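The values are calculated or read from the model by the stated rules, or taken from the named source; none is laboratory data. Computed from a predicted structure; not experimentally measured. All Cβ positions, glycine included, derive from the backbone under ideal geometry; neighbour counts span all protein chains shown. The accessibility values were calculated without ligands, DNA or RNA, using every heavy atom of the protein model including side chains. Shrake-Rupley method; radii C 1.70, N 1.55, O 1.52, S 1.80 Å.
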Amino acid sequence: MKYILNSILLMITATVFAQNINFTSQLYKEYDKYKVEEFSTRRLKHSDIQPFIKRLRLDKKYTVKHVGSSIEGRAINLISIGSGPVDVFLWSQMHGDETTATQAIFDIFNFLNSDEFKAEKAEILSKLTLHFLPMLNPDGAEVFQRRNALGIDVNRDALRLQSPEGQILKRVRDSLDADFGFNLHDQSRYYNAERTSKPATVSYLAPAYNYEKDINDVRGNAMKVIVFMNTIIQQYAKGQVGRYNDDFEPRAFGDNIQKWGTSAILIESGGYKNDQEKQEIRKLNYVSILSAIYVIATENYKKIAIEDYEKIPQNERKLFDLKLTEVTYNLLGKNYVLDLGINYTEKDVDEHVNYYNVGRIIDQGDLSTFYGYDDFNAKGYTIVEGKVYPEIFANVNDLNSQKVNELLESGYAYVRVSDLKDSKKYTQLPIHIISEDYKVPEFRIGVGVNPTFILKKNDAVNYAVINGFLINLNNTNKVFKNALILKD
């Protein structure tokens, strides 16, 4: 009997998906029509979104309300559209450096303003009233940091409400008493879908509202919508959806909003290979959110089997940017075989609108249960210290990619340059540039160390690791972010 019931539930879920597949597939296919071209990186500030909010103020379809200001006085606005009895509330960038969904929200405005999808939009806007609160933490966004100007995590302020940003979110939630709420975040790119090498590109959660993790109708409805969104995103990022940990956090807004009677849905934007600026993930946010809005408008989510929620793999944090497997390392005259897990830390520059990477060894030893965005089997390769080139170049312009490649093939990882007074802290050339007096630290492999070395096999140098980036010296199309410029 249980098997028959489960089969029926699966058939109903499949039917709901089939009824919406044309709409959702067109959303993905035609996304570029609606993408806000002015947004192209993750570093999005309050001033970047103001021209678009100003346009919405002039559009009679929208209601734009100033609902408060941040600690440093930046305006926070609630943007509403639709006339339906079901209220859907979406807020983004509670953490200042989590911008993916904010960009997707403005793409959604472009979609709502377009002439296409008239039937679907008519259903959405007649059945629902949509309320968007983009960039809740504009002060954090200004310096690309998680916390607000007070230095607190707004998402842990649902009880004390000491921050103006938290007070605004609570006040808006209470005034709307929304049926559904979308809590839009970014998570680390190092999360993977449970027991797989695939990144958790998008993770979902219907937060618990108590320590027992009970499921009432409010939380259950959130779970059903998540099951639908997962089914949609699997079409474009197969196996790359995770389920966020649902341990109850009594200070968190998502948990409390669920408790206060709004079906809360957390969306976390993680990682996607070769998508450092999360523009493909932004597209998946756009599709995921609009698909959810549509299934709420049609009420088809009610037919979805809640049991499928638990089938979404949980998040694990077992990804590295680069994993080197079984590389040989000589220490005190003896060879050892290690795996190395390397990540790239971002360092902000140019008033927090750009960044460069500093590579770090995060772990080493047996990493057989971990994965890498790039995973290189280095069996048979030996780590060799990168040498300092003995000649001194007058300036950086004396170097070019061909010359650098020749230096790497000869085992050099550092070059000295005499004129570095106006230089930045990084170079796009795949070799470290050092000042005349800079002393390169004693070479070693260890956790926290910047990974820079040559990989040698049978006395041949075909690979180098510079600032944690693996460079194939036989491949002219190698992907490389930056090396470092180091001065005394």
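3J(HN,Hα) couplings calculated from phi for segment 381-393 with the Karplus curve 6.51 cos²θ - 1.76 cosθ + 1.60 (θ = phi - 60°) are, in sequence order, 9, 10, 6, 10, 4, x, 7, 9, 5, x, 7, 10, 8 Hz; Gly and Pro show x. Gap in Å between the Cα centre of segment 442-478 and the Cα centre of segment 19-65? So the two Cα centres are separated by 42 Å. Ordered from highest to lowest accessible area with the whole protein assembly present and a 1.4 Å probe, 260, 91 read as 260, 91. Largest accessible area first, the listed residues 156, 43, 317 line up as 317, 156, 43 when surface is computed with a 1.4 Å probe on the assembled protein chains. For residue 237, what charge total do you get from the other residues with a beta carbon under 14 Å from its beta carbon, if Lys and Arg give +1 and Asp and Glu give -1? Summing Lys and Arg as +1 and Asp and Glu as -1 gives +4. Under 5 Å from the amide H of residue 158 lie the amide H atoms of 253, each residue being 5 or more positions distant or on a separate chain, with H modelled from the backbone and absent for Pro and chain starts. Taking all protein chains into account, the per residue accessible area for segment 372-415 stands at 53 Å² (1.4 Å probe). Segment 243-320 and segment 354-388 have Cα centres lying 32 Å from one another.
Phi-derived couplings, Karplus 6.51 cos²θ - 1.76 cosθ + 1.60 at θ = phi - 60°, listed residue by residue for segment 344-354: 10, 7, 8, 10, 6, 9, 6, 6, 6, 10, 8 Hz, with x used for Gly and Pro.
Among 54, 170, 121, 481, the sequence by solvent-accessible area, most first, with a 1.4 Å probe is 54, 481, 170, 121. Looking at the chain alone, DSSP beta bridges between its own residues are antiparallel in about 60 percent of cases.
Calculated accessible area for segment 296-336 comes out at 51 Å² per residue, all protein chains present (probe 1.4 Å; ligands, DNA, RNA ignored). Amide H to amide H distances under 5 Å link residue 375 with 323, where only residues 5 or more positions off or on other chains count and H is placed in the peptide plane.
Among the listed pairs 33/127; 170/238; 334/387, which are separated by more than 31 Å between their Cα atoms?
170/238
Once all protein chains are placed together, residue 55 keeps about 140 Å² accessible to a 1.4 angstrom probe.
Semi-axis lengths, largest first, of the ellipsoid equivalent to the chain are 46, 27, 20 Å, with √(5λ) applied to each eigenvalue of the Cα gyration tensor. For segment 117-264, a/c is less than 1.5, where a ≥ b ≥ c are the root eigenvalues of the C-alpha gyration tensor. That puts it in the rounded class.
Decide, for segment 270-330, between rounded, prolate and oblate: order the square roots of the alpha carbon gyration tensor eigenvalues as a ≥ b ≥ c, take rounded if a/c falls under 1.5, and otherwise choose prolate if a/b is larger than b/c, else oblate.
Values: a/c = 6.75, a/b = 2.06, b/c = 3.27.
The shape class here is oblate.
Using a cut-off of 18 Å between Cα atoms, the listed pairs 278/311; 198/278; 35/65 include 278/311; 35/65 as exceeding that distance.
On a per residue basis, segment 119-253 carries 36 Å² of accessible surface, using protein heavy atoms and a 1.4 Å probe. For residue 486, the residues 5 or more places off, or on other chains, whose built amide H falls under 5 Å of its own are 433, 434, 435. Shape class for segment 319-453: oblate, because the ratio a/c of the largest to smallest gyration tensor axis (alpha-carbon atoms, square roots of eigenvalues) is 1.5 or more and b/c is at least a/b. The separation of segment 119-136 from segment 403-419, counted between C-alpha centres, amounts to 56 Å.
The C-alpha atoms of the chain define a longest principal axis, and helix 164-176 lies at about 30 degrees to it.
Helix-only estimate, please: 222 nm mean residue ellipticity of the chain, summing -39500 (n - 2.57) across DSSP H runs of length 4 or more and dividing by its residues, to the nearest 500.
Calculated from helices alone, the mean residue ellipticity at 222 nm is -9000 deg cm²/dmol.
Count the DSSP beta bridges whose two residues both fall in segment 270-417, then state the antiparallel fraction as a percent rounded to the nearest 5. The antiparallel proportion sits near 65 percent.
Rounded to the nearest 10 degrees, the angle from helix 118-127 to the longest Cα principal axis of the chain is 60 degrees. Charge tally around residue 225: other residues with Cβ under 14 Å, Lys/Arg +1 each, Asp/Glu -1 each, net +1. When the solvent-accessible area of the chain is split by element, carbon and sulfur atoms take up 47 percent of it, the probe being 1.4 Å.
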